[in-house]
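Enquirer: Attaching a single structure in structure tokens format; questions to follow.
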Amino acid sequence: MNYSRFLNAVSLARRPSPIRELTEILQRSPPTMISLASGMPNTEMFPFQEATFKLMDGTSLTVDKTLMKKALQYSATQGLPDLIEWLKKLQVAEHNPPTYNCHGEDKEMDLLVTTGSQDGLCKTFEMLINPGDSILMESPTYPGTLAVVKPLGCNILDVDSDGDGMKPGHLREILSRWNPSDVSKPREEVPDIPRILCLIPNGGNPTGAGLTMERRKEIYEIARKYNLLIIEDDPYYYLQFSKPRLPSLLSLDEDGRVIRSDSFSKILSSGLRLGFITGPKKLLERVKLHMQASILHTSSLSQILAIKLLDQWGLDGFRNHVDEVSQFYLERRNILLAAAEKWLTGLAEWNNPRGGMFLWMKLLGIDDTYKMIKERAMEKEVLFVPGRDFFSDSTKKSSYVRAAFSLSTPEQMDEGMRRLAELIKDELQAEKDG
Amino acid sequence: MLLNRSVSIFLRGRKALVNETLVKDYNRFLNNVSLARKLPAIREMVDIQQKSSQTMISFAAGMPSFEMSPFQEATFKLKDGSSLTMDETSIKKLTPYTSSQGLPELVELLEKLQIEEHNPPTCRISCNGEGREMDLVVTTGNQDGLCRLDPHGCNVLGVDSDQEGMKPSHLREILSRWNPSDVSKPRQEVPDIPRILYLNPNGGNPTGAGLTMERKKEIYEIARNYNLLIIEDDPNYYVQFTRPRVPSFLSLDEDGRVIRLDSFSKVLSAAGLRLGFVTGPKLLLQRLVLHTVAGVLHSSSLPQILAFQLLNQWGFEGFRNYADEVSQFYLKKRNMLLAAAGKWLTGLAEWTVPNGGLFLWIKILGIDDTHKMITDKAIEKQVLLVPGNAFFQDSGKKSSYVRASFSDQTWEEMDEGMRRLAELIKEELKGKKED
């Protein structure tokens, strides 16, 4: 694959930081090398020496003096070597990417630790998008992605979706505007041909949809035909409710066209800001250069905490933990669905979420939920996210609301749905009167 | 007209409150990408939630459940023997997403620190509600804050400097190409007029230079004249070797034209934590927050909670004592390296004494391309320094300089390192003679 077709001018202009490169020379040198090169602050002046973390299961994690020094010092851009190794093993065990063994090739699988999966995505888009470019995205989708992509001057092509995720039929229809032969023409000749496809295959945000296996294969074939890069935004992968988990697009990726973004936010901690991207070396190299110019690297302490925990768990322990987490959210989902049935039958419609933590509800007879929420939610004391912001055209009115089932107790869910029912009835009444 | 200098600057400062030097239009400085950023509605909902009573039931934010977090408690042992505990309540803060601006209690504490240390004119009552009102954002390291200012495709105008930092006279010379009246013309008419001035006022990297107060005031006036934003990149502020510390640009900032970048990397010796903070006019910092919302969402909570607890435990006294300890430490290291350089490099190289930070900027006499010398021979000679060409806008330009850091090396290493460098230089000169 020719990756330079996808890179924007800013990304192409990035050069390695000479100081970071010297750090790499240092890492290859014998201990007799004396370095006066990098401005690493002195470890003697670190105020923190050691730390112990008590876990919920009664065990402890210790960060000793040596490890603490590592945690407080500048480290490699791409992430701590131990953590990267563990995560690569996880990716192989879980996805068995076809690109893993492509040694020396541009598409060889590479991995970077990011400051949250959103950071990885943001840097990926900032690498690929030129003003005026087109990008194919599911509709509705995660506003966080819209917040990255829109200011970059991108033209968003909305692809319809349903409970089974993005619809390949509609994707084909949108792409039929161009000839597959157009993809080999230079950019200037076909400036508006889309080159990027972005989707959330599991526990879709906001829909809770799960892309079926057939659709995954179909979409991969379409991406092949039109030489698209696929950005697989998958923070709810481990929160799929059906077992076994559906294979990722990374697992189908013979061509090296998938950049996959994973997150620890739903399975470990959101506050830590820890995620990782997996994809073709040639592209991840550019993201790494961007990191050199910005965060330098993800917080070493967060990384050390993660690797200590993951090492203690091992792959099996990790799998047990994520199963526990998905079970937890499945139970929560069922409680919310029961409450919705009890109070909202006839007032709203919804699909059962296949994963994640969101219920996407269409409120019947209400065409602007944003207005409804802004005006009445405080008074009725129930809060949802209005559907409007999950669409690329945020001025368009929406009948939908998104409800999260991660934090509320069963009592709150029941009461919350009751309040929503009242809210809807009040609004319908007001519209009748108005 | 006959008033002495310090009084006239004081008067000018007072006048600024009603004067044209106040920055009124911040949009003039923002690029297209920044102007296009918007706050996602989810954040709006979180705001509503925060204003509501306890009886509000929210299904808005997609925050993971506390019940599924593996962490219960944490204890950190400090160098001075004391302990810092993150109890269940504190550790719970790791689970959810926090504000993109930064952990609220840390932001509050840092704002107090900035007021204590710099007394910025922009945090006074007179600025309340205005675009230039002082604001503060926590970043994932100083460099992250810098990057979010997004200077892509930029034409860099290099301003000469010496051991007292950037030279105001050269700055004036460069700017004389334009008329001060040009600054009020629309962007399209004068597309190449500079709007940003960037500098590293203390322990400059790589020069170790320290900008004097006199020069700071001059530069501030020039920035006023040409309506420039000043990016004050100051990770070594607390590692200045002279006392009292030279006041910052932020402390002079009547107009609201300074964006100041602070870092915890050198002063808390916590480079790996990736923690810094930006202080500046609210209107500009809110744009920075919008980019953060699209990117990292917020800096890692763990370093923020840690920093907050530590600074809270120390108080400002404790923090200042610690900062003094740190600068004393690096001063000793500087003197060691200067001694080693004096011992081995006299006659072979020249250098000025750094006023802060961790770097010595050495000019090697008779060598015009240190990049070649280092990348070819350093590994063989087993001494590593950074060749000077890395520090110029045009990295293709040859440089006689090298940058040497003085931080975690022992005296023996510095002594031996300088000896190896001396050998390296002699061999290189000999090689050239023979060419």
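Enquirer: Run A:A339 past the list (1) in contact (Cβ under 8 Å) with a residue 60 or more places away in the chain; (2) facing chain B (nearest Cβ under 9 Å) and report the number of the one that doesn't hold.
Expert: (2)
Enquirer: Being of a type in the set (S, T, N, Q) and either open to solvent by 10 Å² or more (accessible area, probe 1.4 Å) or modelled with pLDDT under 90 (or both) is the filter here; which residues of the range B:189-202 pass it?
Expert: B:N200
Enquirer: If the Cβ limit is 6 Å and pairs must be 6+ apart or interchain, which residue in the range B:269-283 that is more than 7 Å from chain A (Cβ to nearest Cβ) and farther than 19 Å from B:V296 by Cα pairs with which residue that is modelled with pLDDT of 90 or more and crowded, with 24+ Cβ neighbours inside 10 Å?
Expert: Pairs that qualify, where the first residue is more than 7 Å from chain A (Cβ to nearest Cβ) and farther than 19 Å from B:V296 by Cα and the partner is modelled with pLDDT of 90 or more and crowded, with 24+ Cβ neighbours inside 10 Å, are B:G280/B:I259; B:P281/B:G256.
Enquirer: Taking only the range A:34-86 into account, find how many residues are among the hydroxyl-bearing types (S, T, Y) and either within 29 Å of the chain's Cα centre (by Cα) or within 7 Å of chain B (Cβ to nearest Cβ) (or both). Steps first, please.
Expert: As a first pass, look at the range A:34-86 and keep what is among the hydroxyl-bearing types (S, T, Y): A:35, A:38, A:43, A:52, A:59-60, A:62, A:66, A:74-75, A:77.
Now restrict to residues that are either within 29 Å of the chain's Cα centre (by Cα) or within 7 Å of chain B (Cβ to nearest Cβ) (or both): A:35, A:38, A:43, A:52, A:74-75, A:77.
Residues flagged as among the hydroxyl-bearing types (S, T, Y) and either within 29 Å of the chain's Cα centre (by Cα) or within 7 Å of chain B (Cβ to nearest Cβ) (or both) within the range A:34-86 amount to 7.
Enquirer: Out of A:E221, A:E254, which single residue is closer than 28 Å to A:G132 by Cβ and of a type in the set (D, E)?
Expert: None of the others qualify; the one that does is A:E221.
Enquirer: B:R28 is checked against (1) in a loop (DSSP other than H, G, I, E, B); (2) of a type outside the set (D, E); (3) modelled with pLDDT of 70 or more and fails just one. What number does that condition carry?
Expert: Among (1) in a loop (DSSP other than H, G, I, E, B); (2) of a type outside the set (D, E); (3) modelled with pLDDT of 70 or more, the lone unmet condition for B:R28 is (1).
Enquirer: Going by the structure shown, is B:N205 touching a strand residue (DSSP E or B) at 6+ places or on another chain (Cβ under 7 Å) and open to solvent by 40 Å² or more (accessible area, probe 1.4 Å)?
Expert: Considered against the rule, which asks whether it is touching a strand residue (DSSP E or B) at 6+ places or on another chain (Cβ under 7 Å) and open to solvent by 40 Å² or more (accessible area, probe 1.4 Å), B:N205 comes out as yes.
This table checks each residue for (1) under 26 Å from A:Y329 (Cβ atoms); (2) more than 7 Å from every other protein chain (Cβ to nearest Cβ); (3) open to solvent by 30 Å² or more (accessible area, probe 1.4 Å); (4) under 31 Å from the mean Cα position of the chain (by Cα).
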| position | (1), (2), (3), (4) |
| --- | --- |
| B:I42 | yes, no, yes, no |
| B:A61 | yes, no, no, no |
| B:F66 | yes, yes, yes, no |
| B:P70 | yes, no, no, no |
| B:E73 | yes, no, yes, no |
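Enquirer: Same structure again: Restricting attention to the range A:409-423, does a residue exist that is away from every other protein chain (no Cβ under 13 Å), more than 25 Å from A:E331 (Cβ to Cβ) and free of Cβ contacts under 8 Å to residues at least 60 places away in the same chain?
Expert: No: the range A:409-423 contains no residue that is away from every other protein chain (no Cβ under 13 Å), more than 25 Å from A:E331 (Cβ to Cβ) and free of Cβ contacts under 8 Å to residues at least 60 places away in the same chain.
Enquirer: Determine the pairs where a residue that is among the small types (G, A, S), located within the range A:136-149, has a partner that is assigned to a strand (DSSP E or B) and open to solvent by 10 Å² or more (accessible area, probe 1.4 Å) with Cβ atoms under 9 Å apart, the partner being 6 or more residues away or on another chain.
Expert: A:S139/A:I156; A:S139/A:D158; A:S139/A:D160; A:S139/A:S161
Enquirer: Can you tell me which residue in the range B:75-106 is nearest to the chain's Cα centre (by Cα), limited to those that are among the polar types (S, T, N, Q) and part of a loop (DSSP other than H, G, I, E, B)?
Expert: B:Q101
Enquirer: Would you confirm, using the coordinates I've provided, whether A:A377 is over 28 Å from the mean Cα position of the chain (by Cα) and surrounded by 20 or more Cβ atoms within 10 Å (Cβ to Cβ)?
Expert: It is true that A:A377 is over 28 Å from the mean Cα position of the chain (by Cα) and surrounded by 20 or more Cβ atoms within 10 Å (Cβ to Cβ).
Enquirer: Regarding B:D253, is this residue within 30 Å of B:D408 (Cβ to Cβ), more than 14 Å from every other protein chain (Cβ to nearest Cβ) and in contact (Cβ under 8 Å) with a residue 60 or more places away in the chain?
Expert: Here the answer is no, as B:D253 does not meet what is asked.
Enquirer: Based on what the data block shows, is A:K70 open to solvent by 70 Å² or more (accessible area, probe 1.4 Å) and assigned to a strand (DSSP E or B)? Spell out the reasoning first.
Expert: Details: open to solvent by 70 Å² or more (accessible area, probe 1.4 Å): yes; assigned to a strand (DSSP E or B): no.
When the stated conditions are applied, A:K70 does not pass them.
Enquirer: Could you list, in sequence order, all residues of the range B:232-244 that are open to solvent by 10 Å² or more (accessible area, probe 1.4 Å), out of contact with any Ser or Thr (no Cβ under 7 Å at 6 or more places or on another chain) and in contact (Cβ under 8 Å) with a residue 24 or more places away in the chain?
Expert: B:D233, B:T242, listed by residue number.
Enquirer: Give the number of residues within the range B:300-312 that are facing chain A (nearest Cβ under 7 Å) and within 18 Å of A:G271 (Cα to Cα). Give the steps one after another, and end with the answer.
Expert: Filtering the range B:300-312 down to residues facing chain A (nearest Cβ under 7 Å) leaves B:300-303, B:310.
The next check asks that each one be within 18 Å of A:G271 (Cα to Cα); those that pass are B:300-303.
Of the residues in the range B:300-312, 4 are facing chain A (nearest Cβ under 7 Å) and within 18 Å of A:G271 (Cα to Cα).
Enquirer: Considering (1) within 30 Å of A:E218 (Cα to Cα); (2) open to solvent by less than 10 Å² (accessible area, probe 1.4 Å), say which one A:L309 fails and leave the rest.
Expert: (1)
Enquirer: Just name the residue that is farthest from A:P41 (Cα to Cα) out of those in the range B:357-398 that are part of a helix (DSSP H, G or I), without any contact (Cβ under 8 Å) to a residue 40 or more places away in the chain and open to solvent by less than 10 Å² (accessible area, probe 1.4 Å).
Expert: B:T370
Enquirer: Give the range B:136-182 a look and list any residue that's modelled with pLDDT under 85, in contact with a Lys or Arg (Cβ under 8 Å, 6 or more places away or on another chain) and at negative phi, or say none.
Expert: Matches in the range B:136-182: B:T139, B:T140, B:D144.
Enquirer: Of all residues in the range B:174-195, count the ones that are more than 14 Å from B:E221 (Cα to Cα) and either of a type in the set (A, V, I, L, M, F, W, C) or not in a loop (DSSP other than H, G, I, E, B) (or both).
Expert: 8
Enquirer: Given the conditions (1) touching a helix residue (DSSP H, G or I) at 6+ places or on another chain (Cβ under 9 Å); (2) open to solvent by 20 Å² or more (accessible area, probe 1.4 Å), which single one is not true for A:L128?
Expert: All conditions pass for A:L128, except number (2).
Enquirer: Can you confirm whether A:Q292 is touching a residue at least 60 places away in the same chain (Cβ under 8 Å), in a helix (DSSP H, G or I), within 11 Å of chain B (Cβ to nearest Cβ) and open to solvent by 10 Å² or more (accessible area, probe 1.4 Å)? I'd like the intermediate steps shown before the answer.
Expert: On the way: touching a residue at least 60 places away in the same chain (Cβ under 8 Å): yes; in a helix (DSSP H, G or I): yes; within 11 Å of chain B (Cβ to nearest Cβ): yes; open to solvent by 10 Å² or more (accessible area, probe 1.4 Å): yes.
Considered against the rule, which asks whether it is touching a residue at least 60 places away in the same chain (Cβ under 8 Å), in a helix (DSSP H, G or I), within 11 Å of chain B (Cβ to nearest Cβ) and open to solvent by 10 Å² or more (accessible area, probe 1.4 Å), A:Q292 comes out as yes.
Enquirer: If I filter the range A:157-179 down to residues being in contact (Cβ under 8 Å) with a residue 24 or more places away in the chain and farther than 17 Å from A:T207 by Cβ, which single residue comes out as surrounded by the most Cβ atoms within 10 Å (Cβ to Cβ)?
Expert: A:L175
Enquirer: Something else: Which one is surrounded by the most Cβ atoms within 10 Å (Cβ to Cβ), of the residues in the range B:340-356 that are in contact (Cβ under 8 Å) with a residue 12 or more places away in the chain and part of a helix (DSSP H, G or I)?
Expert: Result: B:A340.
Enquirer: When the residues of the range A:352-374 are narrowed to those that are free of Cβ contacts under 8 Å to residues at least 60 places away in the same chain and of a type in the set (K, R), which ends up least open to solvent (accessible area, probe 1.4 Å)?
Expert: Looking at residues that are free of Cβ contacts under 8 Å to residues at least 60 places away in the same chain and of a type in the set (K, R), I get A:K362.
Enquirer: Those residues that are more than 12 Å from chain A (Cβ to nearest Cβ) and either open to solvent by 10 Å² or more (accessible area, probe 1.4 Å) or under 29 Å from the mean Cα position of the chain (by Cα) (or both), I need them from the range B:412-433; list them, please.
Expert: Of everything in the range B:412-433, those that are more than 12 Å from chain A (Cβ to nearest Cβ) and either open to solvent by 10 Å² or more (accessible area, probe 1.4 Å) or under 29 Å from the mean Cα position of the chain (by Cα) (or both) turn out to be B:E423, B:K426, B:E427, B:E428, B:L429, B:K430, B:G431, B:K432, B:K433.
The values are calculated or read from the model by the stated rules, or taken from the named source; none is laboratory data. Please read these numbers as outputs of a predicted model, since none were measured by experiment. Backbone-built Cβ (ideal geometry, glycine too); neighbour counts: all protein chains shown. To get the accessible areas, we keep the full protein, side chains included, count just its heavy atoms, and leave off ligands, DNA and RNA. Shrake-Rupley method; radii C 1.70, N 1.55, O 1.52, S 1.80 Å.
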